[in-house]
Every structure is written in structure tokens, then in C-alpha cells.
1. Failed condition for ARG716, given (1) farther than 15 Å from GLY493 by Cα; (2) surrounded by fewer than 21 Cβ atoms within 10 Å (Cβ to Cβ), with all others met?
2. Looking at ASP706, ASP727, ASP679, ASP674, can you tell me which residue is at pLDDT below 95 and either aromatic (Phe, Trp, Tyr) or not assigned by TED's automatic domain parsing to the domain that holds ASN397 (or both)?
3. Of everything in segment 121-175 that's under 19 Å from ILE24 (Cβ atoms), under 18 Å from the mean Cα position of the chain (by Cα) and hydrophobic (A, V, I, L, M, F, W, C), which residue is surrounded by the most Cβ atoms within 10 Å (Cβ to Cβ)?
4. Could you figure out which of (1) out of contact with any Leu (no Cβ under 7 Å at 6 or more places or on another chain); (2) surrounded by 13 or more Cβ atoms within 10 Å (Cβ to Cβ); (3) assigned by TED's automatic domain parsing to the domain that holds ALA623 isn't true of TYR406?
5. For PHE667, state whether it is at positive phi, modelled with pLDDT of 90 or more and either among the hydrophobic types (A, V, I, L, M, F, W, C) or surrounded by 15 or more Cβ atoms within 10 Å (Cβ to Cβ) (or both).
6. Looking only at segment 622-648, count every residue that is closer than 14 Å to LEU580 by Cα and either acidic (Asp, Glu) or in contact with a Pro (Cβ under 6 Å, 6 or more places away or on another chain) (or both) and tell me the total.
7. Spot the failing condition for ASP579; the list is (1) of a type in the set (Asp, Glu); (2) more than 30 Å from TYR36 (Cα to Cα); (3) in contact with a strand residue (DSSP E or B) (Cβ under 8 Å, 6 or more places away or on another chain), and only one is missed.
8. Show the residue pairs meeting these rules: Cβ distance below 6 Å; 6+ apart or different chains; first residue within segment 613-637 and in the same structural domain as ILE735 (by TED's automatic domain parsing); second residue in a strand (DSSP E or B) and not basic (Lys, Arg).
Amino acid sequence: MKQHNQFALLDDARESLRQRVALIRMASHSIKLQYYMWRDDASGLTLLNECKLASERGVKVYLLLDDFTSKPTEQLLRDLSQHPNFRVKLFNPLVHRKLRWLNYFTDFRRVNRRMHNKAFIVDDCYAIVGGRNIGDEYFGTHAGQLFSDLDVLVKGDCVSAIAEDWSNYWQCDLAVSIDNISGRSRTEAFIARWQQFSKQAHAEQLNEYVFGGLADEDLDLSRLTWHSAEAQWISDDPYKASMSRKPSRLVVQQMVKVLSRAKQQVRMVSPYFVPTQNGVQQIEAMLEQGVQFQVLTNSLAATDVPAVHAGYQRRRRRLLTAGVKLYEIRRTEESPQNRVLPYFRRCEEKIGAPAEDKFRGGNGPLKVTDLNYIHPLCEAFMEGAGQIGIPRNADYNGAVQEGISYVQRTAYRRRRVSTARAFLKPAKSRPNLTVWTNVHATQILMNGGRAVGVAYTKGGRGGRAMEVWASREVILSGGAINSPQLLQVSGIGPRRLLQSLGMETKHELPGVGENLRDHYAPRFSARVKNVITINELSRGPRLIGEIAKYFLGGKSIVNLSPSMVYGFWHSDEAARSNDLQFIFTPASYKQGVHGLLDEHPGFTVAAWQHRPQSKGWVRALSADPFENPLIQPNYLAEEGDRKVLISAMRLARRLMHTAPMQPFFDFETYPGNDAQSDDELLEAARHVGGSTFHVMGTCRMGPTSDPTAVVDDQLRVHGMDGLRVIDASIMPTMISANLNAATMMVAEKGADMILGNPALEPIIVPD
């Protein structure tokens, strides 16, 4: 049935979020929500809190969420559902609540049928529908990935159809009240999480982003640009997910009927355009009848699901030949990735990389090579990873990070290519470069609000005190530990800290030393059989043989990296991109930690979370620059970090026990079979986990409105002249891998900033 309606396009991410807030605030009797994904991040918590406030003033709130992605928010939802006006149901709930991957083995056909509907209905008068789930990546409320998506605000007859469809889902027996699903609610879990979030530094920015300028007149929906149009609402029958009842309708079937009525033109926008063979044939028939067909979809560079793009790509040539006008969204020149990619390339020379590879450098000072040492345990480990769905990846530093591969290393012709060898050694003869060794920087010298030099001591504590003066500016590159300490002992940092040390506050910057982050890695080790490992090759006559092979130009353990295999994967199917990393090496260490190799043959698997939210700090203990600072990494403080790490540990253990590993696997030495539950794994992680030495963030980059920011986008210290920080401390958030290459990129780009050179032209990555 055709219906008359009015539509307001919500193509701006911020406006789409604000309209949801405005609708919640104007709701008088009901808010009906239906989503595939609702994250417990800034935007998700903001909207949940608005709904909570609405329920407290008497509005009935109904939230229907697909259970596949509900795990991170389940405890919060259980708490909210205790309110008499707030009801929560999970669609097609999983049987195994903790070990969710088990559902794929016990009930794959049902589990694989999910509810992707997205509806935001207020008072049965207004509805927001479209492509956006509820999460920061859909509204731009974080510094990470932003999905370009569309919503429409609807009023008119169609809202009744949307609400009726929502009711069909809500009332079907596949929608189960969260109160009837096994699990225990944490008392006041939502309130605690909201309060914790509200205290975070970016909460103020978020408040301004969402609510800034949100005046009373903004609640007047007449201010929007409305378009009148006929519309037909179509959706899947909720029983699509049922194995006991055949659905009465499917979206695909209904779309075929709609498309068959086209006389002149079809315009389709979809991030996941994957036509079937029959679908292509229908499109071809329509084109032959003179119907124009235009499709806007994602390119490979812009998609978050490469497998979906592969399904579309196989049909692309045929569609183009038939006359379909295909438009693909690409990653823009203004994307952060494209702006910094030229500096990654300028750093390196990837030996063996094709000349046309846009991701790898070909003539930089830092030589990067592939590992040429093949060990049978590594091959078995990677083969096993492939059997559980983790593909081999020829270049994790290229277009796609996800997968498993041998490590790449900064080594060439049997020698490590350090940054000193690659960058400093060639510049040593320059007349404008002087390098002093065995010195210790003790203070940044200031004249008012300007840095003018550096005080240092030669020869350690009690050595000769000296000063050097800057003609233009001072560049601080002490790293994520030393840089904030030197700033603090120079009187630059949090006033309260400096006062407690009896120091004058020369320039207050609360963020100096805060935001410390690191990759925290627990390790699994096992004893092996039927193979020689690095443990045995590192002792006695075998070691002499390895040294001899090294000097004779053969393959040897002497110049191996600590890890030989890298893997990048995701903690669960709901993760939009790989959020964990694991490594493998055919060596094991006493008590599961690096340092001393075991006497018996063994291997080690370590895994960690890519983007931890737990933050620590670095603080000077005194005004004495020679006294080591206090370092509090605060590992695993956030519940989300603990969840991802447990998933990483379970993946590591699973990789140890694949079929290809069985001829070699003897038994797990650490943490051992006694560590099985989540609590036991966490205890093991806390006991022997350790730093990956990827510390960053203690002088984070950000705008002046961010009270925790230390430097601006030119790496200049806020509120000061003549002082920049250029090292890993400026990174605002943790990156998805090791920090070595990223830190060199920061240095390359920082060098252009110092010299006043224009930034390198962005590189548009291939589709």
C-alpha cells in the first residue's frame, strides 16, 4: 500500500544524533527502539541515559536489540530493565551466553539469522530509520572510524507501518525479555558506568558536540527541510530467524516486486550491494526495457567487510557491461590514513615490494625485509590458524592488516637496521648537527612563556652542569616516560602535582603525564616434542653452529626477531575490525615471561588487546630529574579491556591446540590446564602478563578545548612558544599494532612541521 509521508534527510552524523536526543526529550508516552547494535560508548551511553530520564518522567521505553551484539551492554540493559517503564528484549537469544562461539557449532543455522532492523519510534508519530546503528563510529563522537551513513526522519502514514512492524518483532516468540534470559544483573550497573563515563575527559567535548546550541527551537521539527513523497515500508518477517516456522515475507522478495514496477529509473544506495545471479538477470532485463539503474556502494578501500565486497566484485564487470551506473565511495584525501601514509612510505624501503604498491615505501632510509627463517612449528601454527578461519596475509603492513603471517623486520644483510643506523648515521657529518652522549637533560629553560634552551648534566648525577640555547625552538623527544617527566620537573604540568613536589608552576597543563597506555600481553607457553626449538639451539654446540652459520651467511637464530609470527584478529564477530594481536615464537621462557629460556623444547603464544581504554599516568616523584618517575600503567582497569583480553587468551589457547600442532604439542606449561574460567585467566594474566613496551599518550595531541591535551596538531605545546614534543607521547589513542613505525612517521611529519614545509600530498589508496 502506498502511503503519503514527509521525510527529513539526516545525512549529517551530528544532526542524526541530536535529532534522536530531541525526539527522546519531546516524547510523551512511548519510545520504541529496534537495533542490531547498541554500543556502550559515548553515543550509546548518552542515548541510554536520555531514555532512562524519559522513563523516569513516565514515558514507556521499549528496546529490542539483537542478541548477537548485546554482550558488551547486557549488564547495563539488565539494570535498566529493572525500571517499571523500561523494558528490554533480546532477539533470537544465544544459548551459550559466555562462550558464544559454541553456538556456531550447536545451532549454526539459527544463530546465523540476525535482526538488522533499525528503528527509532517516538509516540508513534515520528520515526528515524536508516543505516545507522547506535555507536560512536556512526555519529563521529570519537577520533576513530566514521561510517558514512544515512537516516531519514519520517512523519505520516508510514510511521504506523514502521510501528506495526516493530510490534510484530516485539511480540514474536523470538523476542525474549532480558529478565527471562539466564544472567545476573549488577546492581546499578548502568548508573555506575554512566557516572564513570561522565568523569572522562572527553565527556565535556561530547556534551558540546551533541547538545551545543541545542536550544528550545531545535525541538521544533518544523525547522527541518521536509520532503513529501509516497513510500512503501518493507522488511523481513521476524520468523526469518525461526527454524520451526516459514517466514511469510522476505525483503528480497518484496524488493523484486518493487523493482519490477520501475518504469524510468532505479537509484540504490547500499554499503553491502551483493546481487545474486537471479538479481543480476532481473537488472539486465530492466535495462533492456530502458530503465536506468544507478548504484552507490562502498569500494574495497571504504568497506568494513572485505568479504562482502568480494561477493559484489564478482558481479561488477557483468553489471557494468549491462549498463549499470556503478558509483563507489572511496577513502577521501582528507582521511587521517591518507594524510600520514606518505610519511610511512618516506621512512622505509620495503625490500621486494612492487613499485606500484601505494602502501609501502621504496627508497626510504629504513630497510624492511621479510623473515627468511622457516621453522616447522611456525608453519604448523599458521596452518592451524587457517583451519579456524584466520587467513594468511602476505603483508600486514599493506592494504589489509587482518590475518596471520611471518614477521617483517628492520634488518638487511644479516644486520639490524636501527633508527640510529638508518637516520642518524647518514647525518653525522652534517655541520649543523652535534650529538652529545652520556648526558642527562635536567630542565627546559624558559623565558616567560617561551622555551629558550635545555639544561643538562654531562657525566651523570654530580657531573658537569651545562646549558644549550635554542635559536628557534626546543624539540623534546624523550618518549612517553621521559618527556612528561622532563616537562614536570621544568614546571610544566598539573599544578597540584607540581605544588606537592614543592615546585613553581611555570605553565599549568593538567594532561602532562596522563593518558598513559600500553599493550598488555599475557603469554601461554607449552612443551613440545618431535622438533628442535630455539631453546635447544641457544645452548652448547648447537649455539656454536648457529653463530658459525651467521658469519658464513646462512640462516641462523642469531639475527631473529623475538617473535616470528604475527596475527591480527577480532575478539568476537561483532567487532568491526581486528581488535587483538597475537604472536608466536618457537621458544619458551621460564615462568611464562621473557628473559630466560627453558631447558626443554617449547613455544610461546602471546595475545593482547589492540586499543585498550584503561589509562595510567607518569608522575615525577621529586624535582630531581635523576630520580625515576612513578609509572602507573593501570592495566586492565576497564571492564571492556578485560573482556577483550580474555577473548585474546582463549584464542591463543585455541591456536595451541589445532590439528596441525598436535604432532608437536606435549602439554601446556603456563598458565596450565587449571586456568579455565574467566577469573582464572585474568589472574594468570595479572600474574605474568607484561608490557609490550608500546607506551604512548602522556603528552597527547588535541584541541585547546580538551583539558587533557598537551600539544596541538603541529605538535606545539599548548600555551607556550618555542616548544614541541615529537615522540610516541603525543598519540591521543592507542594504535592497532606495534608503535615503532608509527613513531617514525610522527618524526618524519614533525620534521616537516619544524621546517615549515608543506605536508606531503595525501595518497589515495587503491580500491
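1. Here ARG716 meets the rest and fails (1).
2. Just one listed residue meets the conditions, ASP706.
3. Looking at residues that are under 19 Å from ILE24 (Cβ atoms), under 18 Å from the mean Cα position of the chain (by Cα) and hydrophobic (A, V, I, L, M, F, W, C), I get PHE139.
4. Looking at each condition in turn, TYR406 falls short on (1).
5. Against the criterion (at positive phi, modelled with pLDDT of 90 or more and either among the hydrophobic types (A, V, I, L, M, F, W, C) or surrounded by 15 or more Cβ atoms within 10 Å (Cβ to Cβ) (or both)), PHE667 does not qualify.
6. Summing the residues that are closer than 14 Å to LEU580 by Cα and either acidic (Asp, Glu) or in contact with a Pro (Cβ under 6 Å, 6 or more places away or on another chain) (or both) in segment 622-648 gives 1.
7. (2)
8. Matching pairs, first to second residue: none at all.
The values are calculated or read from the model by the stated rules, or taken from the named source; none is laboratory data. Since we're looking at a predicted model, the values are computed, not measured. Don't worry about glycine lacking a Cβ; one is built from the backbone with ideal geometry, like all the others, and counts go over all protein chains shown.
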